[in-house]
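What follows is a single structure, written as structure tokens, with notes after it.
The values are calculated or read from the model by the stated rules, or taken from the named source; none is laboratory data. Since this is a predicted model, take the numbers as computed values, not measurements. Cβ placement follows ideal geometry from the backbone for every residue including glycine, while neighbour counts extend to all protein chains displayed. Ligands, DNA and RNA are excluded from the accessible area calculation, which covers all protein heavy atoms including side chains. Shrake-Rupley method; radii C 1.70, N 1.55, O 1.52, S 1.80 Å.
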Amino acid sequence: MKLTLKIWRQKNAQDKGGIVEYPIDGIEPDMSFLEMLDVLNEGLINKGEEPVAFDHDCREGICGMCSLFINGEAHGPDRGVTTCQLHMRMFKDGDTIFIEPFRAKAFPVIKDLVVDRSSFDRIQHAGGFISVNTSGNTIDANTIPVPKDDADKSFDAAACIGCGACVATCKNSSAMLFVAAKVSQYALLPQGKVEATDRVLHMVHQMDLEGFGNCTNTGACEIECPKGISLENIARMNREYLAASLKG
């Protein structure tokens with residue numbers, strides 16, 4: 001396939017940045033989107049030009065690093081996949097593809113298509129954990145009975161990979177779906193009950209400090225989420241937050 005790529009280039013966080021056009025050909029339909037970018041960068045390097053910086057790691061849809069805004073959609077036109085799982089067969093010969101970084105105040109651009117998502121890490125540090133006795137008296141998790149329905153819902157919430165597609169898609173740049181998934185995966189289990197009150201209060205507070213917007217129930221986050229995290233988690237987090245606020 002022959003394609004025209006319009007890619008956001010930005011030298012650093014202070015640079016204004018802008019769209020740069022790159023023609024590319026010889027792209028096979030079975031290539032992944034990142035493999036296509038590898039081909040582009042190889043050509044740029046051979047010509048002595050600066051390659052396009054983009055995040056990637058596992059290339060298996062697990063790590064959430066490869067977050068790109070492709071033709072106005074987080075992770076591109078496919079559903080239930082990350083950018084690294086997106087294949088070029090989703091595009092046609094002669095297409096023009098716009099490739100941009102995720103846009104949010106809390107996701108500042110570092111270079112080109114790479115953004116700083118450490119705000120998610122700080123939210124996790126604020127409460128996304130449980131206390132475990134490691135003094136030699138550790139209790140096996142399987143000794144605590146958990147209802148199958150609760151375990152399934154917790155597992156579904158824990159599938160969140162923290163890619164930030166929910167934030168990039170939301171018109172308000174809200175991180176509610178991400179935070180709700182992290183709160184829910186513990187709130188549904190007995191192991192998460194000990195810190196339940198502090199967890200939701202601290203994580204929501206940190207989310208606000210990072211500059212994320214508010215949720216207005218548009219639902220775009222669930223649609224674009226590569227792991228299909230449900231909006232039900234936001235409702236659960238709101239209930240947890242209300243209960244914790246009343247206790248406080």
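Does Asp208 qualify as being assigned by TED's automatic domain parsing to the domain that holds Cys170, without any contact (Cβ under 8 Å) to a residue 40 or more places away in the chain and on the phi < 0 side of the Ramachandran plot? Yes; evaluated as a whole, the condition is true for this residue. The residue list Ile97, Ile144, Ile123, Ile139 contains one member that is open to solvent by less than 20 Å² (accessible area, probe 1.4 Å) and over 24 Å from Ile62 (Cβ atoms), which is Ile97.
Of all the residues in region 53-71, those that are surrounded by fewer than 21 Cβ atoms within 10 Å (Cβ to Cβ), in contact with a Phe, Trp or Tyr (Cβ under 8 Å, 6 or more places away or on another chain) and of a type outside the set (S, T, N, Q) number 1.
Filtered by the rule that a residue be among the aliphatic types (A, V, I, L, M) and either surrounded by fewer than 24 Cβ atoms within 10 Å (Cβ to Cβ) or farther than 16 Å from Gly80 by Cβ (or both), region 162-171 gives Val167, Ala168.
List pairs: first in region 172-187 and closer than 10 Å to Glu240 by Cβ, second of a type in the set (Lys, Arg) and part of a helix (DSSP H, G or I), Cβ under 6 Å, 6+ apart or cross-chain? Qualifying pairs under 6 Å: Ser184/Arg236. Contact map, region 2-17: residues that are under 14 Å from Val39 (Cβ atoms) paired with residues that are assigned to a loop (DSSP other than H, G, I, E, B) and modelled with pLDDT of 95 or more, Cβ distance under 7 Å, separation 6+ or inter-chain. Pairs shown: Lys2/Asp25; Lys2/Asp93; Lys2/Gly94; Leu3/Ile27; Leu3/Phe91; Leu3/Asp95; Ile7/Val52. The residue pairs whose first member lies in region 126-137 and is in contact (Cβ under 8 Å) with a residue 24 or more places away in the chain, whose second member is basic (Lys, Arg) and surrounded by 14 or more Cβ atoms within 10 Å (Cβ to Cβ), and whose beta carbons are closer than 8 Å, counting only pairs six or more residues apart or on different chains, are Gly127/Arg199; Gly128/Lys182; Gly128/Arg199. A search for C-beta distances below 9 Å between a residue of region 74-92 that is closer than 22 Å to Ala159 by Cβ and not assigned by TED's automatic domain parsing to the domain that holds Gly64 and any residue that is at pLDDT 95 or above and open to solvent by 10 Å² or more (accessible area, probe 1.4 Å), counting only pairs 6+ apart in sequence or on different chains, returns nothing.
Count of region 7-52 residues, restricted to those that are assigned to a helix (DSSP H, G or I) and open to solvent by less than 40 Å² (accessible area, probe 1.4 Å), is 8.
For Ser174, the conditions (1) open to solvent by 20 Å² or more (accessible area, probe 1.4 Å); (2) of a type in the set (Ser, Thr, Tyr); (3) at pLDDT 95 or above are fulfilled apart from (1). Across region 189-237, the qualifying residues are those that are open to solvent by 80 Å² or more (accessible area, probe 1.4 Å) and polar (S, T, N, Q), and the one among them that is nearest to Pro77 (Cα to Cα) is Thr218.
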